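Report on the structure given below.
Laboratory data are not the source of any read-out in this text; all were calculated from the coordinates shown. Computed from a predicted structure; not experimentally measured. Cβ coordinates were reconstructed from backbone atoms using ideal geometry, including for glycine residues, and neighbour counts include every protein chain displayed.
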Amino acid sequence: MAEGILIVLSGPSGVGKGTVGKVLAAEKKDIYFSVSMTTRPPRAGEEDGASYFFVGEEEFTRRVEQNGLLEWARVYGHYYGTPKEKVLDCLNRGQDVLLEIDTQGAKMIKSGFPQGVFVFLLPPSLRELKQRIIGRGTEPPQKVQERFAAASLEILEAREYDYLVVNDFAERAAQEILHIVRAEKLKVNRNKNLIEILRGDGYIQCP
Ligand code: 5GP
């Protein structure tokens, strides 16, 4: 059985990764959405084990030392990381996995997992991005400026990714990501075993 596809989705704060992720989850129920571990305190409405696993710094450091995270990074003053075991388990069983992580984490994944599919979500404009960060209402005013400044820098990292998707409408952006996943599944280097199977059946005459 072919290994599942690891989709790494990044993009600046406020670009709408969460919203696009929700549309994707509704459209393609067989993708496993990895739940990250973070030392950031929960926001209103966030649930432990669903939005994130909320832990203290001690627990986070322990997981890093035990090599229990596939990647991790410090983002806006807090630690975030991807629990390793569940992700590898799903991929080995042929299930596709989506990680919604920052650009530092994506770099770490790319160095150990180059067969991943790296998608960068862009806002339609920087002006629109700022409005979305403000409109989200989750950050105090001084943090809005900090996140917006970081976002402008993060966008430069998009050059390292495989695909760019503009999030003008979450529904359309999610559809584009699904097209990417479908096309990736058809790549020859993900289907070498198919050629071997057909050869074994005698369908392909080899010289
Ligand atoms: P927020 O605090 O707004 O939920 O997330 C802040 C940033 O952390 C976002 O850019 C998000 O993509 C990133 N992030 C969330 N989970 C992870 C993770 O497991 N690893 C890394 N490297 N970044 C993450």
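Each of 194, 80, 170 was scored by the projection of its Cα onto the charge dipole of the chain, and the greatest displacement toward the positive side belongs to 170; charges sit on the C-beta of Lys, Arg, Asp and Glu.
If you plug the beta carbon distance of residue 115 and residue 201 into 1/(1 + (r/R0)^6) with R0 = 35 Å, you get a FRET efficiency near 0.85. Each part gets one Cα centre, and for segment 65-85 versus segment 94-171 those centres are 17 Å apart. Overall, the ratio between the Cα radius of gyration of segment 79-162 and 2.2 N^0.38 Å, rounded to two decimals, is 1.30. For trypsin sites (Lys or Arg not before Pro), the sites in segment 40-98 that DSSP calls loop and that have at most 12 other Cβ atoms within 10 Å are 43, 93. If the elastic network links every pair of Cα atoms under 10 Å, which of 111, 36, 51 fluctuates the most in the Gaussian network model of the chain? Fluctuation is largest for 111.
Full extension of the chain segment joining residue 125 with residue 50 gains 24.0 nm, where the gain is 0.36 nm per residue of separation less the Cα-Cα distance. Considered as an equivalent ellipsoid built on the Cα gyration tensor, the chain has semi-axes of 33, 21, 15 Å, the largest given first.
About its Cα centre, the dipole of segment 2-125 is roughly 280 debye, where the only charges are +1 on Lys and Arg Cβ and -1 on Asp and Glu Cβ. Taking the fewest neighbouring Cβ atoms within 10 Å as the starting point, the ordered list for 199, 159 is 159, 199.
Kirkwood analysis of segment 1-43, using all unique Cα-Cα pairs, places the hydrodynamic radius at 12.6 Å. Computed on the Cα trace of segment 1-107, the radius of gyration divided by the Kirkwood hydrodynamic radius gives Rg/Rh = 0.95. Mean-square fluctuation check for the chain, GNM, Cα pairs under 10 Å: which of 47, 176, 196 is largest? The residue with the greatest mean-square fluctuation here is 196. Evaluated with a Cβ-only charge set (Lys, Arg +1; Asp, Glu -1), the chain carries a dipole of roughly 340 debye about its Cα centre, given to the nearest 20.
Applied to segment 129-142, the Karplus parametrisation 6.51 cos²θ - 1.76 cosθ + 1.60 on θ = phi - 60° returns per-residue 3J(HN,Hα) values of 4, 4, 4, 5, 5, 5, x, 5, x, 8, 10, x, x, 5 Hz, with x for Gly and Pro. A Cα-only calculation for segment 111-207 places Rg and Dmax at 20.5, 69 Å.
Put a plus charge on the Cβ of each Lys and Arg, a minus charge on the Cβ of each Asp and Glu, and nothing anywhere else: the dipole of segment 90-207 about its Cα centre is then about 100 debye.
What is the fewest-to-most order of 80, 32 by other Cβ atoms lying within 10 Å of their Cβ?
If I rank by nearby Cβ atoms, fewest first, I get 32, 80.
Under the combined filter of DSSP loop state and at most 16 neighbouring Cβ atoms within 10 Å, segment 87-152 retains none of its chymotrypsin sites (Phe, Trp or Tyr not before Pro).
Taking the number of Cβ atoms within 10 Å of each Cβ as an exposure proxy, the fewest-first ranking of 107, 143 is 143, 107.
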